Each structure stands twice: as C-alpha cells, then as structure tokens.
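Read through the structure below, which is laid out as structure tokens, and then see the notes.
Just so it is clear, none of the values below were taken in a lab; they were calculated from the coordinates. A quick note: this is a predicted structure, and the numbers were derived from the prediction, not measured. All Cβ positions, glycine included, derive from the backbone under ideal geometry; neighbour counts span all protein chains shown.
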Amino acid sequence: MQRRSLGPLLAVSVTALLAPALATSTAAAAPAADPSAASSLAAKGALDRYVKQKPQWKRCAADSPAEFECATIKVPLDYRAPGGKRIDLAISRIKSTAPGKRHGVLLSNPGGPGGEGLYMPMAMRERLPKAAQQKYDLIGFDPRGVGKSSPVSCGLVPEEENWLRPYKEETFGKDVAWARDVAKKCKEKAGDVLPHITTRNTARDMDLLRAVLGEKKISYMGVSYGTYLGAVYTQLFPGRADRFVLDSAVDPARAWRGMIQWWAEGAEPAFDRWTEWAAERAEKYGLGDTPKKVDRTFWELVAQADESPIEVEGQPNTGDDIRSGMRGAVFSPKAATEGVVELKKAAEGKPASAKKLSAFAGSERPEKAGAAAEVPSDNMTASFWAVVCGDNSAAWSRDPESYRRDAIEDKGRYPLYGDFASSIKPCAFWDRSAEPATKVNNKAGALVVQNEWDPQTPLPSGQALHADLKGSKMVTVLGGEGHGVYPNGNACTDGTVTGYLLTGKLPAKDVTCRATAASNEEARKNQKRDVFPGSPLPERAPGRF
C-alpha cells in the first residue's frame, strides 16, 4: 500500500485514542512503534469522541442466548481524517463466566478476508475450556465493510463473482475483460469506501474497540486471514498485544498475490504424498499399485472430463473442476482417494456417490452462510477484493500479459492449480493502495499454530510468520491435516494453546506435536464448522486464506 503520510493517523490511534480510556496507565499512553507516530502530536485528541462511546449492549437475536450481546459503535472511515465520514462496527460479547478470575478480553477473527466475526464468541464458547471462559470476555466483530459493519458492495452478479478461472488461450481475453469490469464496477459503486477497507484499518478498529472497552491490552485468536490481521495489529500496536494465538498462518511478505500462488505450490507435495498413500492401498481402492500409476489414473480422469464432463448424481465435473477440487482434497489422502474412486466409477458408467465426493469437490463449493437481508449478496466478494487488492497493490502487475506468462509457466510447474492461482485477477486494474504494505517485524509475543498439511496456508507460511514475530513460539503438528488446528482433541496441541491462554506464558521453545487420526478428523471439521474458519470465500471462489 502506498498511502500518504501516516504520522497524524498513528499518533492519534495510539496517543489520543488510548489515553482517554486509560489515563491512569502510563503504559497505555505509550506511543506506537511506528516511527511516523512521533511527528503528529497536533492530532492528539482527534479520536476522543470515538473512545468515549458507550456501547448499547442488547441480546443479539431473539433466539440467541441472553448472554450473547451485540452493539454497534462508530469508527472513522479514514483514520487520517477522523472528523470525516464514520462507519459502523458491529461488535459482540459473552462476558467472563467468573468475574473474579477475569484476565481481560479475547478478540477473534475467523478468516477471510471477508469473513463475518460477529458470532465468533458463540463458536469460541463451544471450543474453549471452561477455565478459559472464566478468564476472558469473548469479543467478536464483523470487520469493517463486512456483514453488519457498513457492508460494501460492488453490485456484482454471481457470474462476476466467479474467479475460478484457469488459464486457456481462447478465454484469456474474456478473463482480462472480467477482471477489468469487476475493478471498474467496484470503483464506481464503492470507490470512496473501498480504499479504506484494509487490514491496517481493521487493526486500528480493533485498537479503538480495545479503548472503548476500557482495556489496556487485548488478547486475540485469529485463524487463517485472522493471523495476518493479528500480526498487523502487533506491528502497529506492539504494546497492546497480550496473548495472541495465530492459527494456520499467512506469510505477511506474500500478502496477497503470493499467498494465492502458494495454494498451487503447496498442493504439489501433497499430491505426491497422496499418490504414495493410495498406491500403498491399491488392493482396497484400485487406483494403481505404484505412485506413478495412481498419478496416471488421476490425469486420465482429468483428460476424460476435459472431453466430456463426468457426472456424479447429475453434477457434471469438468477437468478444471477436478483439478481445483483436488487441490484441497489431497491434503487428506483418504478423502482425496475416496473422491477419485467415485469419479473413476462415474467415468466408467457405474453408480457413484456424490456424498463421498463432497470432501473433494464440496470443499471448493460449500453452502453459503445465511446472511442478513441488509447485507449485499456480493459483500464477501467485494470486501475480499478490497483487502486482497488494497493491502498491497505493488504485488499486482498492471500488465495483463504478465499474468498470461505466469499462468502458463505455473501450470507447467504446478499442474493441479498453477494456472488458477496465477491467472489475472481484478487487482490488476485496482487503484493504487493508499498506504504502504505492512512489513511485520517485531518482538511481540504470540503462539503460531500450524498443521503440516494445511491446504490454505502451507507449513512454510506459518514458519515465515513465526520468523517475523521474533517473540513468538510455534506449535507444529507433524502429519496434521486440515486448515484450522485448535482445538483438535490432541493433548499436545490443545494443551499448549490452552496453557498459553490461561497463563500468558509461551513455551520455552518451539513445540512439535504428532497428529492422530482423531485430531486430523477434528481439524478438517474446523474448516467447515459454522462456515468459519477457513472455508471457501465466497461460494464460487477457490478458497479463503
């Protein structure tokens, strides 16, 4: 992002924004780590009116538990001009079950960009042990531009939301036109708002919410995209970060084009692992008794489906559908094998089960979560592109032909998904970012938690975030499958995370756990539970970070 001077904003966000709520604490008034913060003392006090808000808590819905409360506060659209336009931030909470044992607040984010987080306290209550529920008020929020927080829209129709667009020479011109049209429609409909729907501003909203709640620090649990949001918060407000759990992590240096491309890179070793797994079970599944034969079986199915889609219970599957579905499926060898077996049956004209194929193709096309009537139908897509394009426009080439070249090259290097990941996106035609991209490099304490076989944020991604957060420790689940680790019923991983949340003490050194069949099954469920975390975004898109 290439935004104008951040001096006024950052000084306001840490000095003026925090001091009114926390005037009794010297630490609370400390300046932000960003060096530009020191140059803007004149802006002090500009955010006082925001900090002084008193949320009007009420029951979130008639059919929700009475203890699950919601409210709406105002935040500046542009923190550089806090006296200007204001937008809504929808927030929620479930109070500590034992006020005498309360430590503070635990904010959370389920993933995205574009994931609604208002109902996260309900999900957290189901996942956290009772001791942790005593320690924290569980706080949720819809990030700016999402859900009930002044939702953005580009006015897109379903076909325009579809970005499962593998490279083909004959359709590339249409794909370029699609990307240009989406960017144009977004600018025309929401051009005054979209530049401010960024991860940095969402992190600033989190800190304003912290001040409104009267807290010196926040604890936080973020999954997938939520790890990047948490990391950005630690960079902007290192003194405000208490206990941060970052589960299934994004590499900040690859936000965002590089993260999408990593889906293709990460799928290839997982595919090789799958061919070995299936070959070892050739007698049961019949896909080939060597990895090479299993590989051939798969690509023959893709070639057949390219000629004529393979139907399973009336659902046609093209070769591109099979490739894109397999990208996520191969991280669970059993699920991938069962899916290919059903495709093979259907290709041979035999009855096949769509249910057994659901983990294979369904992982890319889940049912859309129910949305409130006031939320635009394309809100997830619009907010997704706002962040993915706006956080770091420099990562996106302005030359359409460069995407053609990358897609051709990456399809050769990463046959499953390389062309999907590298072909053109609306970001090629997006306006330049208003701020520089966030470089995460600090000593804030955090616990990074990562499965070895994560289809959305591969292991090297988590390792990269761990390296950027110099004060962090990392939990690696060897053999771990699925996107979203905690909780998974594994005493090693759950014990380490829960212990940190309860005591604030990080492990003395990085922790390596070994997955079990049960913990892998639970981790795979995590990505589908209540749609979040980590499920595809939106319904027609290849995945959520």
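Peptides 484-495, 446-457, 277-288 ordered by packing proxy, namely the average of other Cβ atoms within 10 Å per residue, highest first: 446-457, 484-495, 277-288. Taking 7 Å steps out from each Cα toward its Cβ at GLU276 and GLU401 produces label points 4.2 nm apart.
Determine the sum of side-chain charges near ARG404: Lys and Arg each +1, Asp and Glu each -1, restricted to other residues whose C-beta is under 14 angstrom from that of ARG404. Charge balance in the 14 Å sphere: -2. Extending 7 Å from Cα along the Cβ direction at THR171 and again at GLU159 yields two label points whose distance is 1.2 nm. Pairs spanning more than 31 Å between alpha-carbon atoms, out of LYS168/LYS439; LYS135/LYS473; LYS54/LYS130; LYS85/LYS184; LYS54/LYS101: LYS168/LYS439.
In terms of packing, defined here as the mean over residues of other Cβ atoms within 10 angstrom, the peptides 326-332, 73-79 line up highest first as 326-332, 73-79. Computed from point charges on the beta carbon alone (+1 for Lys and Arg, -1 for Asp and Glu), the dipole magnitude for the chain about its Cα centre is near 2320 Debye.
Amide H contacts under 5 Å for PHE244: TYR220, LEU447, restricted to partners 5 or more places along the chain or on a different chain, H placed in the peptide plane at 1.01 Å from N. With unit charges on the beta carbons (Lys and Arg positive, Asp and Glu negative) and the dipole taken about the Cα centre of the range 277-324, which residue among SER308, GLY288, THR318 sits farthest to the positive side? It is GLY288, whose Cα lies furthest towards the positive end. By the Cβ-Cβ criterion of under 4.7 Å, no unpaired cysteine is present in the chain. Considering only beta bridges that DSSP places wholly inside the chain, some 35 percent are antiparallel. Each Lys and Arg adds +1 at its Cβ and each Asp and Glu adds -1 at its Cβ; summed about the Cα centre, the range 37-119 shows a dipole of about 400 debye.
Classify the range 259-352 from the C-alpha gyration tensor, please: rounded if a/c falls under 1.5, else prolate or oblate depending on whether a/b exceeds b/c. Here the range 259-352 falls in the oblate category.
Go ahead and run the numbers for FRET between ASP510 and SER308, Cβ-Cβ distance against an R0 of 60 Å, rounding to 0.05. Computed FRET efficiency for ASP510 and SER308 comes out at 0.75. Amide hydrogen proximity for ASN317: with H placed 1.01 Å from N in the peptide plane, the residues at 5 or more positions away or on another chain lying under 5 Å are ILE310, GLU311, VAL312.
Rounded to the nearest 20, the size of the Cβ-charge dipole of the range 259-352 about its Cα centre is 260 debye, with Lys and Arg at +1 and Asp and Glu at -1. Fully extending the segment from THR290 to ARG59, taken as 0.36 nm per residue of separation minus the present Cα-Cα distance, adds 77.3 nm.
Reducing the range 208-252 and the range 92-158 to their Cα centroids gives an inter-centroid distance of 13 Å.
Among 463-473, 50-60, sorting by the average number of other beta carbon atoms lying within 10 angstrom of each residue, highest first, gives 463-473, 50-60. Which entry is the computed percent of Cα pairs over 43 Å apart for this structure: [x] 27; [y] 42; [z] 16? Derived directly from the coordinates: [z]. Straight-distance candidates among the lysines for linking to LYS284, with alpha-carbon spacing under 24 Å and chain neighbours fewer than 8 residues away dropped: LYS292, LYS293, LYS334, LYS344, LYS345, LYS350, LYS355, LYS356. Rounded, prolate or oblate: which fits the range 438-478, taking a ≥ b ≥ c as square roots of the Cα gyration tensor eigenvalues, rounded meaning a/c under 1.5, else prolate when a/b beats b/c? It comes out oblate by the Cα gyration axes.
Where Lys and Arg each count +1 and Asp and Glu each count -1, what net charge lies around VAL475 among other residues with Cβ under 12 Å from its Cβ? It works out to a net charge of -1.
Segment THR72..LEU478, full-extension length gain: 142.0 nm, with 0.36 nm per residue of separation and the alpha-carbon distance subtracted.
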